[in-house]
Each structure stands twice: as C-alpha cells, then as structure tokens.
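Worksheet for the structure shown next.
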Amino acid sequence: MTDGARSATPSGRTPREVATHCPYCALQCAMTLREEDGRVSVLPRQFPTNRGGLCQKGWTSAELLTHPERLTTPLLRDPASGKLRPASWDAALERVTTGIGEVQWRHGRDAVAVFGGGGLTNEKAYALGRFARVTLRTRHIDYNGRFCMSSAAAAGMRAFGVDRGLPFPLSDLGQADTLLLVGANPAETMPPLVRWLTELRQRGGKLIVVDPRATATARQADLHLQPLPGTDLAVANALLHIALTEGYVDSDYVATRTTGFADVRRTVAGWWPARAEALSGVPVADLEATVHALGTAERAIILTARGAEQHAKGVDTVTGFVNLALALGLPGRPGSGYGCLTGQGNGQGGREHGQKADQLPGYRRIDDPAARSHVAQVWGVPADELPGPGVPAYQLLDSLGTVDGPRALLVFGSNPVVSAPRATRIENRLRDLDLLVVADFLLSETAALADVVLPTAQWAEEDGTMTNLEGRVLRRRALRPPPTGVRTDLAILTDLATRMKGRAPSYRLVHRKGPLLTADSEAGSAADREREARAADPRTVFAELRRASAGGLADYAGISWERIDAADGVFWPCPREDGPDSPRLFADGFATPDGRARFHPVEHRPAAEEVCAQYPLYFTTGRVLAQYQSGTQTRRVAALRQAAPDAFVELHPDLADRLGVTDGEPVRVLSRRGEFRAPARLSPAIRPDTVFAPFHWGGAARANSVTNDAVDPVSGMPEFKICAVRVERVAS
C-alpha cells in the first residue's frame, strides 16, 4: 500500500492515496483512490491504456465501498422461516464444511461444484482452482468467463497455439490504417478505448463496424455493415472470397508462415458476395469496400467481440475472421493483426490459472500428463490425485441438483441467476441444490437463493494482480482494509481448506472412509494461524502462481509485484525475471509445434433456432453504457441508475407500427424458454426483423429468461446473441 498524502485534512488526518485500477471491464483503466475523513474519491491517473480517462462507471466506483446494502456479516438460511439471518463466521463456515462433507459422503467428490468469476484477481482465480482440485478434489469447476471469451479463446488456440485477447499493445489500434470491428460496441462497453479509434480516424484511417444495430460505435464508423444476427460467418467467408479474387491475399506470408490454406480456399470459393448478401443482408458493395480498405492498408487490424462470439458456432465464426487476417498477412506485423476485445475485468487472467474446467495454471491442459505432473509438484500432491476435466459452465449449471449432477455449489464473484442463458431453468436448478454457498459483497439475485452467504472484500480493500485485455499484468492495490466482519476471498478459501483438512498448502490430509471431508472448527495453534495468514496473503499466492505457471503458455514466472510496480505492468509470457516481457506476439513465429499459424476451413450454418410463424423475430442482447454485466453493482449506484434506470426492448419503428406498440409502452418478449417484460424503445438503429434488450436486470425484466441455451460444441459458449421470439403488448 502506498501513501500519497499532500496535506492534512480539516480533521487533522493525513489523506491517503493509492494507485490502482478500475474494478469493471478488461480495459482496467488506471485511477488513483484518495481517502479523506473516511470519504473515498476517484482521481484520474495517466496510464498507457486509458491516458487518464474513465467512464461513468469508473468515476462512481468508490460509492459501493460504503453502500448501505453492503454485506458485512455472514447470512444463514433459517430452516424454520426460510429467511436469511445474520450469523457468526464460525457458524457459517461450519455449515459450509459440514454440508460439503455430507454431500460428498453420500454422492462422491464430484457432487460438489465451484463456480468462479472473470472479475476475480489472478491470485483468487488461482486459489479457487487449487481449492476445487486439491481440497475438494472435484472435477466440477468453471466460471462465468465461459460466457465471455471462450469462443475467441478456442479459435485463437487452434489458429495461433495461444490465447491472448490482444497479442499487441492497445496503442496499435490508433496506428492502424484500417480497423474492422466485428460485434463490438466499445463506445458503450469500454468508452476510454474510443480515444484510440478517434486517433485512428484523425490520422486518416478507416473504421468499419459489423453489427446488427447502429450502435454508438457504429455511428462513428466510416462504414457500417448491418448483417442479420447469426450470419457473421457468411460475411467472413465472403470477405475472404473477395480478397482472393481481387488479389489481396499475401501469398508469401501464407506460404512461409501458415498451413492449411488450400482447404480454406476451397471452402470460401462457394461464398461469392451475392450469396452472402442474400443471406446476411449486407450489400455486395459494402463487402467489397471492406476488403479494399483492409487489403490496401499498410497496417490493418481485425477485432471480434461478443456479438460474433456468443453463438453456437462462435468458434467457427471467429475462425472465419482469423482466416481473413492470416490471408492478408496481418498477425505479427506492427500495427496489424487479429485480436479479441475481452469483456470482464480479469477475463484474461481469470481463465489462465485454473478456473476453467479443462485448464490448470499457466494455461495448461488438465488432461496433459506433463502439465498435471508439474502443477501437482507445486501443490505437493500426487498427480494421479488431481481430478480430470470438468464440464463447461452451462452444462455444469444445468446439471445442478439432478441425479447425476452436483448437489452443492460454491459461487465466487458471479450471478448466474441473471447472467446465464435460459435463466429461469438455471434458477430452478439452484433451488434444487442441497447446499448453495455464495461469496459476494452485495445480495445478488443468486446470493438471495443461497443457504450461506459470505461477505467479501471489495476491490479497494485487497491487494492482487489483474491481467487486462492486452495480456498486461497489473497491480490492484488496497486503499484500506475491509470493514469489520468482512473477509477476503483468499481468507475464506484458506479457512475452509483448514477446516476440511484438505491437501492444500500447509495443511495436513486426514483420510476418512470414502471421500468425506470432515469439518473441524478448532482454532488451531499459533503456528497454524500463521500458516493460514501466509496462505491467505495475495503476495504469497502470486509467488506460488508464478511457479505453477512456469513453462506454460501463460508463463508468469518472471513477473513479480516489484517488477509490475517498476513499470506500467508486465506482459505475459515472461519466463525470466531478468528477461524481457512480451507486449507483441507472433513476430518470429506462432505457438505451434512448427511455428506456423493454422488455417481452418469453416462453413456457415444456421442459428440453433430459426424464426417461424409463432416466433417471427430475431432477438439479441447486449450492454448499455451506464450498466455492467448482471448489474449487481451498477444498479445500486445512484448516478448510474439515473442514467440507465430500467431495462427496455428496442424495436424498429416499422415493427412497432405493425405491432401497434408506442414508444415507452410495456411489452412482453416471449420465446420457447420463457418471457420478460420491459418498456418499448423505438429506434431506427435496429433492423426491422430484430429485437434488442440489455441483460443487466433481473426479475420480470430479465432478458436471459428467453435466450437460447444451445452451446458451441468446442467452446461451450451459449447462443446468447440470437433466438426466435415474438413481442406482444402487455395490455393485450
């Protein structure tokens, strides 16, 4: 923790300042927190990514530290009344450990599951994965990042051999001559990034946006391609078809740095522009103009985001745009390449170090014997005791409480009651559990269903590291300790591991019959408490993370807190403390056995659910400027609530006229899975055959009540971005 005091306050106390980063999106904008007389304010801080800028969410982020709805004591569900009641930490943790023990005794180790979040620090994500696999010895762990970047991650792995959202510094965006932005709306999702787009255009560069809506970002573009939802892959293949026929393919690059192009060439030969126009609605002239802008640019970048990725064919869709980037010879060139805009604050680091069902720290595969051996040695357990791969997030959530699924769930940093697709079904699955434990600092919709709620520290009350969308590892610094009665996630996991006597660092293993983990609430010796304190210290956890990640794709071995502090963060991979980090990847080769990138032929296929007479409209979801994710935090900030107080259903005026709906009138959106209600908002920004709603609200306005739970077969990504619906006037 650093002090930056300038002068004493009227009370005589010296104000404190600490340099840290915003708690919201993956841009991880730098800020300074200042505390005077108990009040915390947010100040700008110069940093390469945001250059002192913040969005409204960042400026108001400190208001949650003292929010009246903040949880400051554990809650237990009273069996008699069915209500959550305040309880002591000992009683709450005893309920957790006893409940886990009983469930695992009756149903086996895999009957307990863990669900994490893309906003957890690297240290907490790592500790959560270790806790699941070493203490609980369950294979069932995944996280809400599966709903974010999993399709782009899978596409990046199969093309480049590595998954890093941006394999180049963010500043490259401002230096590009052409930027193709597919399914992204940073003007609302990460506004400080827009300054790089502005810089590009001021230099004479061209911005092209692919989006079914005329978003705030699309309105700034030189060219807006407005396809039918679910047809992005057809657009990608058509763009590559044009690049081939017009001679824009970099033949030398393809020949010397890639493999597999011949199969892709045959596939895209069938995607002539007129065919793509008939399917997607994007005019041939716009497709040709896009390829010309990319092909003639000295520096060009192609970026994808959730709009292209949250589909049951999301991996193939991203692969289509990666194929285009490779054919044009972009990856590995300064100011050029392919990248993905990560969404959640630690969406990058959160999946690198063990929260994902199929991964171990360092982005190692859990089914790789060498990876298992390395990590098991760091953890001090036999490799054959580590569980195997689990299942992706939606499959895990959908199996809860069933005969063959987990009977207990621990949730850290997520709110699946609002954020999961087919949310009513998932809510019912959570209700069917024998034990639901939620660690959070506010009573989210998921926490409200829990048997045990554990109050956790906020971002300004704990140290740790985050990895932003560029792969830059940053330092989050505590301004002050958590309130009395509140513990950090690391302290909670450490205490649980101690009580259950699992094989975690510094803890002895106690064998019982079968897989039972017995509860033990004894205080322990002073030495035990000291070991617990070390195990819960984020600096200690990060040191172990470095050892566990060493030699992996996401190698943090050479990254120390001191090195981060001495610079503006450190880019992974960074294997040696005395060696360089990696702000730019692929200049000399790709992370594949032969150093070449891989083309993969991908064919367009229809959405999992087509429109019909009963459900004649396409439905898609997204974010709005003043809200974030499931809204647990932002809906409680007065300024953000005033800016975006309620959900809405965006309709084209022509569609509204056909339905007899007026602006502001409440409407009901129905699919085969459920319904939600919100006021209509008429806008020509949306296609007449498409309906849009933000997903930040729960209750009757929960957009994910209608979304499709069909998933991508490779990534496990649900098809959030398209399903068939109808819209009705509530009055009728």
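The values are calculated or read from the model by the stated rules, or taken from the named source; none is laboratory data. Because the structure is predicted, anything quoted here is derived from the model rather than measured. We place every Cβ from the backbone using ideal geometry, glycine too, and count neighbours over all the protein chains shown. Remember, those area values only see protein heavy atoms, side chains included, never the ligands or the DNA or RNA. Shrake-Rupley method; radii C 1.70, N 1.55, O 1.52, S 1.80 Å.
Residue count for region 213-248 under the criterion of being open to solvent by less than 30 Å² (accessible area, probe 1.4 Å) and assigned to a loop (DSSP other than H, G, I, E, B): the result is 10. Of a type outside the set (Asp, Glu) and in contact (Cβ under 8 Å) with a residue 60 or more places away in the chain, is that true of Ala613? Taking the combined requirement at face value, the residue does not satisfy it.
Just a yes or no: is a residue in region 492-499 exposed (fewer than 15 other Cβ atoms within 10 Å of the Cβ), at pLDDT below 95 and farther than 30 Å from Leu27 by Cβ? No, region 492-499 has no match at all. Residues that are under 30 Å from Val391 (Cα atoms) number at least 1 in the following strands (runs of 3 or more DSSP E) confined to region 628-732: 666-670, 675-682, 690-694, 723-729. What about Val162, is it assigned to a loop (DSSP other than H, G, I, E, B), under 18 Å from the mean Cα position of the chain (by Cα) and among the hydrophobic types (A, V, I, L, M, F, W, C)? Criteria met by Val162. One residue stands out in region 168-186 among those that are in a loop (DSSP other than H, G, I, E, B) and either open to solvent by less than 10 Å² (accessible area, probe 1.4 Å) or of a type in the set (Asp, Glu) (or both): the one that is farthest from Arg109 (Cα to Cα), namely Asp177.
Checked against (1) in contact (Cβ under 8 Å) with a residue 24 or more places away in the chain; (2) open to solvent by 20 Å² or more (accessible area, probe 1.4 Å); (3) under 24 Å from Tyr338 (Cβ atoms); (4) touching a strand residue (DSSP E or B) at 6+ places or on another chain (Cβ under 8 Å), His604 passes all but condition (4). Of everything in region 556-588 that's touching a residue at least 60 places away in the same chain (Cβ under 8 Å) and among the small types (Gly, Ala, Ser), which residue is most open to solvent (accessible area, probe 1.4 Å)? Among those that are touching a residue at least 60 places away in the same chain (Cβ under 8 Å) and among the small types (Gly, Ala, Ser), it is Ala587.
Being surrounded by 24 or more Cβ atoms within 10 Å (Cβ to Cβ), at pLDDT below 95, outside any loop (DSSP other than H, G, I, E, B) and not basic (Lys, Arg) is true of Gly349. Go through (1) open to solvent by less than 60 Å² (accessible area, probe 1.4 Å); (2) over 22 Å from Leu341 (Cβ atoms) and name the single condition Leu294 misses. So the condition that Leu294 fails would be (2).
Contact map, region 482-494: residues that are over 20 Å from Thr135 (Cα atoms) paired with residues that are surrounded by 24 or more Cβ atoms within 10 Å (Cβ to Cβ), Cβ distance under 6 Å, separation 6+ or inter-chain. Pairs shown: Val486/Pro455.
From the list Gly117, Gly129, Gly108, Gly145, the one residue that fits, being closer than 26 Å to Phe412 by Cβ, over 24 Å from the mean Cα position of the chain (by Cα) and open to solvent by less than 40 Å² (accessible area, probe 1.4 Å), is Gly108. For region 88-101, indicate whether the set of residues that are among the hydrophobic types (A, V, I, L, M, F, W, C) and surrounded by fewer than 19 Cβ atoms within 10 Å (Cβ to Cβ) is non-empty. Yes, there is a match, as at least one residue in region 88-101 is among the hydrophobic types (A, V, I, L, M, F, W, C) and surrounded by fewer than 19 Cβ atoms within 10 Å (Cβ to Cβ). Of all residues in region 423-455, those satisfying the criterion of being touching a helix residue (DSSP H, G or I) at 6+ places or on another chain (Cβ under 7 Å) and without any contact (Cβ under 8 Å) to a residue 60 or more places away in the chain are Ile426, Glu427, Arg429, Leu430, Arg431, Leu436, Val438, Ala439, Thr446, Leu449.
Inspect all residues belonging to region 607-629 and state whether any of them is in contact with a helix residue (DSSP H, G or I) (Cβ under 6 Å, 6 or more places away or on another chain), open to solvent by 30 Å² or more (accessible area, probe 1.4 Å) and farther than 21 Å from Pro421 by Cβ. Yes, because at least one residue in region 607-629 is in contact with a helix residue (DSSP H, G or I) (Cβ under 6 Å, 6 or more places away or on another chain), open to solvent by 30 Å² or more (accessible area, probe 1.4 Å) and farther than 21 Å from Pro421 by Cβ. Selection of first residues in region 44-55 that are over 15 Å from Leu33 (Cβ atoms) and of second residues that are in a loop (DSSP other than H, G, I, E, B) and acidic (Asp, Glu), restricted to Cβ pairs under 6 Å at least 6 apart or on distinct chains, gives the following pairs, ordered by first then second residue: Pro48/Asp568. Among (1) over 26 Å from the mean Cα position of the chain (by Cα); (2) assigned to a helix (DSSP H, G or I); (3) of a type in the set (D, E, K, R), which single condition is Glu17 missing? With respect to (1) over 26 Å from the mean Cα position of the chain (by Cα); (2) assigned to a helix (DSSP H, G or I); (3) of a type in the set (D, E, K, R), Glu17 is out only on (2).
Within region 639-662, the set of residues being more than 33 Å from the chain's Cα centre (by Cα) and open to solvent by 60 Å² or more (accessible area, probe 1.4 Å) comprises Asp654, Asp657, Arg658, Thr662. Output the residue which, of all residues in region 254-272 that are assigned to a helix (DSSP H, G or I) and touching a Pro at 6+ places or on another chain (Cβ under 9 Å), is most open to solvent (accessible area, probe 1.4 Å). Among residues in region 254-272 that are assigned to a helix (DSSP H, G or I) and touching a Pro at 6+ places or on another chain (Cβ under 9 Å), the one most open to solvent (accessible area, probe 1.4 Å) is Arg266. Of all the criteria given as (1) within 28 Å of Ser630 (Cα to Cα); (2) open to solvent by 10 Å² or more (accessible area, probe 1.4 Å); (3) not aliphatic (A, V, I, L, M), the one not satisfied by Asn122 is (2).
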